[in-house]
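Quick notes on the structure that follows.
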Amino acid sequence: MSSSGSVPLTPITSIDSANAHLDKVVPTAGQSASASEFSRTHWQGLVETARSMSLSHDTLDLMGLAQHGPKMPDDMEGTTELAGYAKWHPAEAPKPAGPSNVSHPVRLGIKRRWDLMKHDLTECEVSDRSSFGFSDSESNGLAIMFLAWSYILSVFLLEEQKASFVYEEADASSGPELSAAGEFTVDLDDASDEEYRWWSALLSPGQGWKASGAKQPVWAAKYTGNVKFSIKNPRTEPLSPDIVPPSSRQAVAFLGRFAAMYNLEGQARLALAMALTIPLHDKMMSTIKLPKPHLVKLEDAPPPSSLIDKEFRLLSYYMVLSSNPTFIGSALWSVFWEPAIECNLASSWCTPIIQELQPLIESEDLETLGHVLAQRRPSVAPLWYGLLACGTTDIVSAIVPFLEKLYTHVPTKFMPEVAVWTDSPQSFMDLPGSGPYVQGNKVSRADLWRLRHEYWNAWKGGIHFRNLPSTPFCPFGAVDVEEVELMVRGHLQCQRHEWVYSGFTWTMRNRIELTHEPRVLTTSWKQFEADSLDYTPPYGVGEPDPEMDYGASKRAVGDMFRWAATEMDPSGKHIYSHAWVEMDAHLSMGSEKKEKLKEPVRLSELSLDRIKEWVVNSEGDVEQLPEFGEAS
């Protein structure tokens with residue numbers, strides 16, 4: 001299903017008479033109640049359906065994550081970080097009815113740069129809960145297969161880098177003896193010596209293996225050893241010390257044999273999804289809590305299927321999305337945004353979500369929580385299942401505080417390219433909207449915000465709009481066409497702009513640029529908007545709800561209108577001076593005469609802190625800003 005809801009994002013019917021109402025910062029009690037009921041009905045329905053769902057071999061479809069995004073560059077010898085930028089082109093050249101000098105150049109995204117290696121390993125342990133069981137298997141091997149995928153991802157990268165890796169001393173016992181009390185026995189049947197040695201390394205306390213260099217791949221993990229594993233081996237001779245770690249492809253064969261032996265092939269995708277979240281857990285310094293294993297060996301195991309091998313062939317695509325914590329964090333958090341909800345109604349939307357999800361989190365019913373969020377955004381469902389199967393980590397614990405205040409330490413900055421890769425828009429800025437830009441001589445603020453971002457380099461003062469607002473919920477209200485800055489006003493007569501993702505360009509160390517086009521051509525978000533939930537907030541009149549906690553709304557409104565304050569519209573002056581926006585200290589409103597002019601009122605000066613907040617790119621965004629007039 002699409003995200004969740006929405007009428008066209010620019011509903012401006014009867015806007016001349018309604019604009020004063022739409023510009024009211026604090027919603028009325030009736031508006032808050034309506035939005036809350038809309039949210040409650042939707043999320044209660046998701047929870048009710050989730051309680052009847054179960055996991056099976058076809059629940060997760062990771063391959064959807066490899067359709068639109070790039071794979072890693074082909075030549076990565078010695079490469080320890082990645083850098084690149086996305087590109088968009090107009091779906092078709094808009095035909096302006098206004099000035100003939102309006103242009104529609106290709107848009108380039110901000111250059112991202114991120115590390116592929118780390119000093120400290122991500123810690124994981126086995127929990128006392130055997131959660132995320134599959135209805136079509138008696139076994140639960142997620143913990144063991146997670147460690148295998150962690151190795152495969154890490155070694156795949158090292159092979160691409162032409163880097164070496166070695167075994168550490170193995171502590172997991174390997175011999176014919178039965179397990180002692182408190183140990184968990186893994187029977188590998190007639191596996192080869194190389195296979196025994198590999199599993200012994202993975203199930204030992206610590207890492208069991210390591211890259212030969214000073215840093216380790218971002219998917220490397222170390223097991224705390226809180227549950228001791230014993231590898232059952234019919235051989236009596238000790239393993240040769242000359243055995244070397246398997247290649248990533250050999251390890252996939254070992255994993256496939258193990259999965260077939262215990263009817264775990266249906267769980268392989270979830271185990272891979274879990275391993276793909278390791279860089280995010282590492283960023284948050286969370287300890288991963290793996291489901292307690294339970295293995296029931298098949299008496300007549302079939303030969304391994306091609307399922308695991310198919311996932312391995314797409315590994316390079318998954319690794320791009322997974323290796324940058326903000327990529328995966330932004331994709332996960334997109335489930336909480338609703339297109340139909342304006343920024344001042346964020347609290348009304350989020351409070352019912354808290355009421356529905358908090359009991360699941362507190363009771364650690366993470367499987368049901370996974371089903372809820374999977375229904376909400378099916379395209380990112382594998383990532384949510386993977387994250388939640390790693391236990392009640394700091395990331396899961398951050399969900400409710402985020403919904404209360406729209407703030408989190410989880411890296412969730414909006415990434416337009418990731419929205420395309422995952423087929424899951426993250427903000428109203430990702431969507432084109434519908435209908436003409438101008439209705440009744442007014443343009444919605446949502447459309448105006450989009451145009452400012454799309455053409456930020458049309459004038460020197462637009463450089464701030466290079467970066468997206470930090471809240472996903474759209475602004476409320478509309479402004480007169482005459483209040484729109486001249487550099488953007490020409491686009492108001494265009495047919496509505498639609499942007500199509502062209503691909504991702506890797507910037508290599510030798511300054512060569514390689515563009516990776518999507519495997520499957522992307523489409524616009526028109527269908528997403530059409531399929532969204534239908535909700536229109538009532539106009540109504542009245543006072544705000546005195547019992548409402550407006551924490552999320554305050555942050556959403558403040559972030560949204562501070563982002564636009566360098567081009568403040570005079571008719572919205574009361575919004576920028578409102579306590580939720582707190583721009584009074586920064587505004588120079590000029591004389592009474594100037595206040596009456598139908599021209600944009602500019603800020604006389606912004607504090608250094610605000611400039612840093614708005615203009616400086618976040619960690620990992622290193623694009624050099626083009627000169628004035630260059631195409632973006």
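Under 8 Å between Cβ atoms, at least 6 apart or on separate chains: pull out the pairs that start in segment 67-94 with a residue that is outside any strand (DSSP E or B) and buried (at least 17 other Cβ atoms within 10 Å of the Cβ) and end on any residue that is of a type in the set (Gly, Ala, Ser) and at pLDDT below 95.
70/503
Which pairs do you get when a residue that is closer than 14 Å to residue 146 by Cβ and assigned by TED's automatic domain parsing to the domain that holds residue 220, found in segment 113-131, comes within reach of a residue that is among the β-branched types (Val, Ile, Thr) and part of a strand (DSSP E or B), reach meaning Cβ atoms under 9 angstrom, with the pair 6+ apart or on two chains?
Partner pairs satisfying both residue conditions: 122/288; 123/288; 124/288; 125/288.
So which of 467, 441 is farther than 21 Å from residue 430 by Cβ and of a type in the set (S, T, N, Q)? Can you show your working first?
Values: 467 fails: farther than 21 Å from residue 430 by Cβ.
Unique residue meeting the criteria: 441.
If I filter segment 25-68 down to residues being over 24 Å from the mean Cα position of the chain (by Cα) and among the acidic types (Asp, Glu), which single residue comes out as nearest to residue 139 (Cα to Cα)?
48
Output the qualifying pairs, or none if there are none: Cβ atoms under 8 angstrom, residues six or more apart or on different chains, first residue in segment 545-572 and closer than 15 Å to residue 453 by Cα, second residue in a helix (DSSP H, G or I) and of a type in the set (Lys, Arg).
Partner pairs satisfying both residue conditions: 562/610; 564/445; 564/452; 567/452.
What's the number of the condition residue 276 fails, among (1) of a type outside the set (Lys, Arg); (2) in contact (Cβ under 8 Å) with a residue 60 or more places away in the chain; (3) loosely packed, with under 14 Cβ neighbours inside 10 Å?
Of (1) of a type outside the set (Lys, Arg); (2) in contact (Cβ under 8 Å) with a residue 60 or more places away in the chain; (3) loosely packed, with under 14 Cβ neighbours inside 10 Å, only one is false for residue 276: (3).
Applying the selection to segment 308-327, what residues are in contact with a helix residue (DSSP H, G or I) (Cβ under 7 Å, 6 or more places away or on another chain), in contact (Cβ under 8 Å) with a residue 60 or more places away in the chain and hydrophobic (A, V, I, L, M, F, W, C)?
312, 314, 315, 319, 321, 327
Look through 282, 300 and report the one residue that is of a type in the set (D, E, K, R), assigned by TED's automatic domain parsing to the domain that holds residue 220 and at pLDDT below 95.
Working: 282 fails: at pLDDT below 95.
Just one listed residue meets the conditions, 300.
How do the helices (runs of 4 or more DSSP H) wholly within segment 300-404 filter down when requiring 1 or more residues that are under 22 Å from residue 125 (Cβ atoms): which remain? Steps first, answer last, please.
Numbers: elements: 307-313, 315-323, 325-333, 346-362, 366-376, 381-388, 394-397.
Where helices (runs of 4 or more DSSP H) fall fully within segment 300-404 and carry at least 1 residues being under 22 Å from residue 125 (Cβ atoms), they are 315-323, 325-333, 346-362, 366-376, 381-388, 394-397.
Within segment 188-208, is even one residue closer than 18 Å to residue 117 by Cβ, of a type in the set (A, V, I, L, M, F, W, C) and at pLDDT 95 or above? Spell out how you get there, then give the answer.
First pass over segment 188-208, keeping only residues closer than 18 Å to residue 117 by Cβ: 207.
If we keep only those that are of a type in the set (A, V, I, L, M, F, W, C) too, we end up with none.
Within segment 188-208 (the criterion being closer than 18 Å to residue 117 by Cβ, of a type in the set (A, V, I, L, M, F, W, C) and at pLDDT 95 or above), the answer is no, since none of the residues qualifies.
Determine if segment 132-150 includes at least one residue that is in contact with an Asp or Glu (Cβ under 6 Å, 6 or more places away or on another chain), assigned to a loop (DSSP other than H, G, I, E, B) and buried (at least 21 other Cβ atoms within 10 Å of the Cβ). It would help to see each step written out before you state the result.
At the first step, the residues of segment 132-150 found to be in contact with an Asp or Glu (Cβ under 6 Å, 6 or more places away or on another chain) are 132.
Checking the rest, the ones that are also assigned to a loop (DSSP other than H, G, I, E, B) come to 132.
Filter once more, so that each one left must be buried (at least 21 other Cβ atoms within 10 Å of the Cβ): 132.
The answer is yes; a qualifying residue exists.
List the helices (runs of 4 or more DSSP H) inside segment 538-607, counting only whole elements, that have at least 3 residues being modelled with pLDDT of 85 or more and among the aliphatic types (A, V, I, L, M).
The helices (runs of 4 or more DSSP H) meeting that bar are 551-563.
Name every residue in segment 469-488 that is without any contact (Cβ under 8 Å) to a residue 60 or more places away in the chain and buried (at least 20 other Cβ atoms within 10 Å of the Cβ), in order of residue number.
Our first condition is that a residue be without any contact (Cβ under 8 Å) to a residue 60 or more places away in the chain; within segment 469-488, this holds for 481, 486-488.
Hit for segment 469-488 is 488, nothing else.
Answer yes or no as to whether residue 415 is buried (at least 24 other Cβ atoms within 10 Å of the Cβ) and touching a residue at least 12 places away in the same chain (Cβ under 8 Å). I'd like the intermediate steps shown before the answer.
Values: buried (at least 24 other Cβ atoms within 10 Å of the Cβ): yes; touching a residue at least 12 places away in the same chain (Cβ under 8 Å): yes.
Against the criterion (buried (at least 24 other Cβ atoms within 10 Å of the Cβ) and touching a residue at least 12 places away in the same chain (Cβ under 8 Å)), residue 415 qualifies.
The values are calculated or read from the model by the stated rules, or taken from the named source; none is laboratory data. Here the structure is a predicted model, which means the values were calculated and not measured. So basically every Cβ, Gly included, is an ideal-geometry build from the backbone, and we count neighbours across all protein chains shown.
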